[in-house]
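A.B. asks: Before we start, here is the structure in question, set down as structure tokens.
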Amino acid sequence: MTDLTRILVIAATARELAPSGGWRTLVCGVGPVESAIATSAAIAAEPPAAIVHVGIAGARRASGIPLGALIVGTESVYADLGVGPEWAPHTVRPDARLIQAVRRAIPEARPSIIGTSASVNGTRDVDVEAMEGFAVLRAAAVANIPAVEVRAISNEIEETDRGRWRFDAACAAIIHATPRIVSDVAACVR
């Protein structure tokens, strides 16, 4: 039997977080600063075997990614840092084993680079944008803990009318997928 208690599932808001099926959960707050602080504190208090970061995200219109699609991050890019990579990291890659576990758990998930920005439409040159992924994955990487980011698309990044964003459907999609993801991730980090 796989020990799910060794897995930490992190989401920015309680709305994006599935009820625990035996795994640990953390609401990290919105944006890169809050999520980095909360993730680092959780790791320091009780290091998990792996971190699964879940939530909603936007996709560029030109990407062809439909609303409701599930995305597994192949890389996280921090868009807000205005200095070169020689000064601070801009990218972090999730653990390859965890990407494969997510792909087994939800084969319909599309692999994509996910940009992180503290503002909506703050990224460039990425099809998927969220607000916490780089911070969560970077905190995990510094602590040498495998991590992966999985998102459900709630909106087109360019859509300024938030009334047209599909928060409920995207949250439902990520919550529905979380138990399968956690089960497969836990099996690969035993």
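Read-outs throughout are calculated quantities, based only on the coordinates presented, and are distinct from any laboratory measurement. These numbers come from a predicted model, not from an experiment. So basically every Cβ, Gly included, is an ideal-geometry build from the backbone, and we count neighbours across all protein chains shown.
A.B. asks: Suppose R0 equals 22 Å. What FRET efficiency, 1/(1 + (r/R0)^6) with r the Cβ-Cβ distance, do residue 164 and residue 62 give to the nearest 0.05?
C.D. replies: So, using R0 = 22 Å, E works out to roughly 0.80.
A.B. asks: I would also like to ask the following. What does the charge count around residue 53 come to, taking other residues whose C-beta lies under 12 Å from its C-beta (Lys +1, Arg +1, Asp -1, Glu -1)?
C.D. replies: In short, -2.
A.B. asks: From the convex hull of the Cα coordinates of the chain, what is the mean projected area in square nanometres?
C.D. replies: Convex hull of Cα atoms, orientation-averaged projection: 9.8 nm².
A.B. asks: While we're on this one: Could you tally the net charge around residue 126, taking each other residue with its Cβ under 11 Å from the Cβ of residue 126, Lys/Arg +1 and Asp/Glu -1?
C.D. replies: Net local charge, residue 126 excluded: -2.
A.B. asks: Please report 134, 167 as a ranked list, fewest other C-beta atoms within 10 angstrom at the top and most at the bottom.
C.D. replies: 167, 134
A.B. asks: Now for a different question. Using the count of nearby Cβ atoms within 10 Å as a rough guide to exposure, how do 98, 17 rank from fewest to most?
C.D. replies: Least crowded to most crowded, the residues run 17, 98.
A.B. asks: Please give the net charge around residue 158, taking every other residue with its beta carbon less than 9 angstrom from that of residue 158, where Lys and Arg add +1 and Asp and Glu add -1.
C.D. replies: 0
A.B. asks: Based on the Cβ-Cβ distance of residue 103 and residue 5, what FRET efficiency does E = 1/(1 + (r/R0)^6) give at R0 = 25 Å, to the nearest 0.05?
C.D. replies: For residue 103 and residue 5, the calculated efficiency is 0.55.
A.B. asks: Are there DSSP H segments in the chain that both extend 30 Å or more along their axis (alpha-carbon positions) and score a mean Kyte-Doolittle hydropathy of at least 0.5? List them, or say none.
C.D. replies: 167-188
A.B. asks: Here's another thing I want to ask about it. State the antiparallel share, in %, of DSSP beta bridges confined to the chain, rounding to the nearest 5.
C.D. replies: Among the beta bridges of the chain, antiparallel pairing accounts for roughly 20 percent.
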